[in-house]
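The values are calculated or read from the model by the stated rules, or taken from the named source; none is laboratory data. Keep in mind that this is a model prediction, so the values were computed, not measured. Here the Cβ positions follow ideal geometry from the backbone for every residue, glycine too, while neighbour counts run over all protein chains shown. What goes into the accessible areas is simple: the full protein's heavy atoms, side chains included, and nothing from ligands, DNA or RNA. Shrake-Rupley method; radii C 1.70, N 1.55, O 1.52, S 1.80 Å.
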Amino acid sequence: MVLVRQALYYRDSGKDYLGAHLREQGQKPRVLRQGGEGREISLPFVVGGGVIIKLILTRHGETIWNTEGRVQGALDSPLTEKGIMQAQRLAGRLKNEGITHIYSSDLPRAISTANEVLKELQLSEVIQNQAVRELSFGEWEGRAWKDLRDLYPDVFKVWYETPHLVQIPGGENMAQVTERAWNFVQELLEIHKN
């Protein structure tokens, strides 16, 4: 899921400062928590005209297949009760971040997570886009990770040491998913530049 927040920045003595809008409101700028159970990360982009677009990337909540150790990729598995609670906690952490748009993969597990955030932030919609999907694992999807490690030890050796060189049968490689995701980020920056 990608959450968009526009912010102002100011320049003083040739140095750029983030969070000018927060200072004007008497608040201190802060970095959103990175990592942990929610696994979100914040990426600021200066797009000109005094505008910063901050993209907050986060993962969906726990799914049934996560608990079973199965590969998801482009296939889906519903959120567990814990996954729903994770999404609700994520929503609580994001409540005061000034988010204006939510983008999500079109897969139900991501949409369910995004909808929990949507409710808390009282926004009008989750914008779905296939570009936000996780890596496609092709023929491995739906299968148990443990079985795949036993069947494809050479592929997993490469995966652990140099994951960018792995080509999963019928799936994407890291270069493909990176290009897909980067093109989406570029689209977002263009859409939200004003």
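Restricting attention to segment 77-191, lysine pairs at least eight places apart or on different chains and with alpha-carbon atoms under 30 angstrom apart total 5. List the residues, sorted by chain then number, that are 5 or more residues from I127 or on another chain and whose placed amide H is less than 5 Å from its amide H. When sequence neighbours closer than 5 places are left aside, the close amide H contacts are I102, Y103, S104.
Net charge of the neighbourhood of T80, taken over other residues with C-beta under 12 Å away and scored Lys/Arg +1, Asp/Glu -1, is -1.
Simple spin-label estimate for N96 and Q176 gives 4.4 nm between the two label positions (7 Å along the Cα-to-Cβ direction from each Cα). Backbone geometry of segment 114-128 corresponds, through the Karplus equation with coefficients 6.51, -1.76 and 1.60 at θ = phi - 60°, to 3J(HN,Hα) couplings of 4, 5, 5, 5, 4, 4, 5, 8, 6, 8, 8, 7, 9, 8, 8 Hz, x marking Gly and Pro. The HN-Hα couplings worked out from phi for segment 82-96 by the Karplus form 6.51 cos²θ - 1.76 cosθ + 1.60 (θ = phi - 60°) are 4, x, 5, 5, 4, 5, 5, 5, 4, 4, x, 5, 8, 3, 9 Hz, whole numbers, x standing for Gly and Pro. The label-point distance for N183 and H164, in a model that sets each label 7 Å from Cα toward Cβ, rounds to 2.0 nm. Stretching A144 away from M85 to a fully extended chain increases their span by 18.8 nm, per 0.36 nm per residue minus the current alpha-carbon distance. In plain terms, the C-alpha convex hull of segment 87-182 casts an average shadow of 7.6 nm² when viewed from every direction. Each residue of segment 133-144 was assigned a 3J(HN,Hα) from its phi angle through the Karplus expression (A = 6.51, B = -1.76, C = 1.60, θ = phi - 60°), giving 4, 6, 3, 7, 9, x, 5, 7, 5, x, 8, 6 Hz with x at Gly and Pro. Of M85, M174, the residue with the largest accessible area leads and the full order is M85, M174 (1.4 Å probe). Loop-resident GluC sites (Glu not before Pro) (DSSP state other than H, G, I, E or B) in segment 130-194 with no more than 11 further Cβ atoms inside 10 Å of their Cβ are absent.
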